[in-house]
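Structure first, then comments.
Just so you know, all these numbers are worked out from the coordinates, no wet-lab data involved. Note that the coordinates shown come from a computational prediction; the quantities given were computed from them, not determined experimentally. Here Cβ is always computed from backbone atoms with ideal geometry, including for glycine, and neighbour counts include all displayed protein chains.
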Amino acid sequence: MPGMVPALLVLLLCQLAGEVLVAALGLPFPGPVVGMMLLFAGLLARGGVPDALRRVCDGLLRHLALLFVPAGVGLMVHFDRVLQDAWPLLTGLLVSTALALGVTLGTLNLLIRGAGRTGRDG
């Protein structure tokens, strides 16, 4: 599979660049997110996704579930700590989920109203 190593290198360099930018500028974002924005900007400038990069990304996405194994193991190793903080964790999960649903609902409502106005006027 030619081009897989350079394509993987592009992904890793974008993540590294994101980490460096976050550390250097003190940005309030995770480094990988900034790296993903850099990759997106580069792909926009290039005008598309190279085939080698597409193959590498498809392979990573096919095995994405494996990346959750370390987090699951960490939860099991520190299960006693999770139980100690169960109520704050549960409260945070419920409140953040309710807020996310509320914001999504409000945004969707505004978009539907806006689409209805432009549909009648246009």
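Annotations
- Linear extension gain, Leu9 paired with Leu101, 0.36 nm per residue minus alpha-carbon span: 29.4 nm
- FRET efficiency, 1/(1 + (r/R0)^6) with R0 41 Å, evaluated for Asp80 and Phe40 via beta carbons: 0.50
- Dividing the radius of gyration of the alpha carbons in the chain by their Kirkwood radius gives 1.10 for Rg/Rh.
- Charge dipole (debye, nearest 20) of the chain; +1 at Cβ of Lys and Arg, -1 at Cβ of Asp and Glu: 420 debye
- Of all complete DSSP H helices in the chain, those with a Cα span along the helix axis of 18 Å or greater and a mean Kyte-Doolittle hydropathy of 1.0 or more are 4-25, 31-46.
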